[in-house]
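This report refers to the structure that appears directly beneath it.
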Amino acid sequence: MSHDARRQPAPESAAGTDPDGAAPPAPEPSGADRRPDGGRGDGGGGGGSTRRFWSARRVPAAIVALVLAVAAAVLLYEAVAASIDKSPSAWRREVTADLAARPLDDPWTIAGAALAVLLGLWLAVLAVTPGLRGLLPMRGGSSDGVRMRAGLERSAAEAVLHDRLLDVPGVRSIRVSAGRHRIKVRARAHFRPLEDVRGDLDRVLEEGVRQLGLARRMRRSVRVRRPKKG
């Protein structure tokens, strides 16, 4: 009598599935997987494509709307008055007579036209620029399908970096200025070689900017000097 020595295939339950053929549930994402930056954990300050925040500019919009509303109301009143054969207002007669007699090269005419052009350019600049220059965009992310955006005030970034850089050995005083693309550091060292202090400041600044989580890659400028004598 012969025996069949062929190996039988392993049951599917040993391959990571249930005996009834259903796939096991996916594991819950860890804390790193749920981070907005996708769990990279680099914290590096840059490389992101997060756009700047746009200002609502409520004050300029309210001023323009108020001026246009008043001008439209006055013109509408004069148009209605003219349609019912009512005598024109005194100010309208004076303005009409003055505009008819004033030449185009008159200084007041040129000044008024220049003012109108400047106001128009100002409104155009406000319409196409984001504003909120004091707010630095941070790296964005998404959670449960909802995109999150965050920003950091320049003054807050300057305060955090100032406190960290002031702890560098040899630094007597320091001044930090955070711009949109560059962070400037001006320090005074009262001991230790200046190159050593500058190297430590550059390393601490790089780590501090990385932990801020800014969307833009900020350039750094570090300058160290001796305090003035006397």
remark   = The correct ranking of M218, M138, M148 by accessible area at 1.4 Å, largest first, is M148, M138, M218
inquiry  = Using a probe radius of 1.4 Å on heavy atoms only, what accessible surface per residue do you get for segment 163-230? Whole Å² is fine.
reply    = 62 Å²
Within-13-Å neighbourhood charge of S87 [Cβ basis; K, R +1; D, E -1] = +1
remark   = So the compactness index of segment 111-189, its C-alpha Rg divided by 2.2 N^0.38 Å, takes the value 1.71
query = Ignoring any ligand, DNA or RNA, what whole percent of the accessible area of segment 96-230 comes from carbon and sulfur when the probe is 1.4 angstrom?
reply = 56 percent
key: Three-way shape call for segment 77-230 based on the alpha-carbon gyration tensor, with the a/c threshold at 1.5   = prolate
ask   = Where a ≥ b ≥ c are the square roots of the eigenvalues of the C-alpha gyration tensor, would you call segment 50-115 rounded, which needs a/c under 1.5, or, failing that, prolate if a/b is larger than b/c, or oblate?
value = oblate
task = Enumerate the residues in segment 119-146 having an amide nitrogen under 20 Å from the point lying 7 Å beyond the Cα of L99 toward its Cβ.
result = 119-120
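The values are calculated or read from the model by the stated rules, or taken from the named source; none is laboratory data. Not measured: the values here are computed from a predicted model. Reconstructed Cβ throughout: ideal geometry from the backbone, glycine too, with neighbour counts over all protein chains shown. Side chains included, ligands, DNA and RNA excluded: accessible areas come from the protein's heavy atoms. Shrake-Rupley method; radii C 1.70, N 1.55, O 1.52, S 1.80 Å.
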